[in-house]
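Presented below is the structure to which this report refers.
The values are calculated or read from the model by the stated rules, or taken from the named source; none is laboratory data. Not measured: the values here are computed from a predicted model. Cβ coordinates were reconstructed from backbone atoms using ideal geometry, including for glycine residues, and neighbour counts include every protein chain displayed.
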Amino acid sequence: MEITVQWIRTSWTKQSRGGEAASLRNAAPIGFALPYAEAASAHVIRMRERDGFAPRDTQEDLRKIDVQLREADGRLRVFPRVKPLFALPPRPRRPPAVRLAPGQWVRWQLNYRFSSMAGTQDWSYWLDTFNIAYGPAKADVFLSTPTVFIDEQGSLR
């Protein structure tokens, strides 16, 4: 069955934690219309503080996306991977995987906080939004309300 993946990564620094810059960041979309895509590819969008959060999109191989996707018994099991290095904020108990029936889609959001190895640079932050549909999907599918929404964002203090 067809699987459609859209991965949006929004990245920023401490400069966009408040005020006008934070308003601009918070206004960034969490879903985009799909371009024509080759099979087994994901629509990847990057929005960076240094670019004024303007979306830049590409296509990437599905195997490069940090999400487990497994089909079984007519359903798609979806579970984003979180590597220990990227475990900030702490995630003591993650929600279970989502099992999608054909025609359903999930929006799953995770955030991260990083510092330099030597601690010489300010914190930087990411918000990953995974939009994943199971079955044939229209170009505007991720502009609608998801069947399932998982908000796995933690405090970034």
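Key figures for this structure:
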| quantity | calculated |
| --- | --- |
| Hits in the stretch 28-51 (condition: at pLDDT 90 or above and either of a type in the set (Asp, Glu) or assigned to a loop (DSSP other than H, G, I, E, B) (or both)) | Ala28, Pro29, Ile30, Gly31, Phe32, Ala33, Leu34, Pro35, Glu49, Asp51 |
| Search result, residues across the stretch 16-29 that are surrounded by 13 or more Cβ atoms within 10 Å (Cβ to Cβ) and either under 17 Å from Arg113 (Cβ atoms) or among the hydrophobic types (A, V, I, L, M, F, W, C) (or both) | Ser16, Arg17, Ala21, Ala22, Leu24, Arg25, Ala28 |
| Boolean, Ala101 is aliphatic (A, V, I, L, M), touching a residue at least 24 places away in the same chain (Cβ under 8 Å), in contact with a Gly (Cβ under 9 Å, 6 or more places away or on another chain) and at negative phi | yes |
| The stretch 31-45, residues that are under 14 Å from the mean Cα position of the chain (by Cα) and surrounded by fewer than 16 Cβ atoms within 10 Å (Cβ to Cβ) | none |
| Residue that is farthest from Arg99 (Cα to Cα), among those in the stretch 1-15 that are surrounded by 14 or more Cβ atoms within 10 Å (Cβ to Cβ) and aliphatic (A, V, I, L, M) | Ile8 |
| Residues of the stretch 52-72 classified as outside any loop (DSSP other than H, G, I, E, B), in contact (Cβ under 8 Å) with a residue 60 or more places away in the chain and closer than 13 Å to Trp7 by Cα, total | 1 |
| Unique match (being at pLDDT below 90, touching a Leu at 6+ places or on another chain (Cβ under 8 Å) and of a type outside the set (A, V, I, L, M, F, W, C)) among Arg93, Arg113 | Arg113 |
| Top-ranked residue of the stretch 116-154 - restricted to ones that are within 25 Å of Gln15 (Cα to Cα), in contact with a Lys or Arg (Cβ under 9 Å, 6 or more places away or on another chain) and in a loop (DSSP other than H, G, I, E, B), ranked as modelled with the lowest pLDDT | Asp122 |
| Residue pairs meeting the criteria (Cβ under 9 Å; at least 6 apart or on separate chains; first closer than 15 Å to Trp108 by Cα and touching a residue at least 60 places away in the same chain (Cβ under 8 Å), in the stretch 22-45; second β-branched (Val, Ile, Thr) and surrounded by 14 or more Cβ atoms within 10 Å (Cβ to Cβ)) | Ile30/Ile8; Ile30/Thr10; Ile30/Thr129; Gly31/Ile8; Gly31/Thr129; Gly31/Val141; Phe32/Ile8; Phe32/Ile45 |
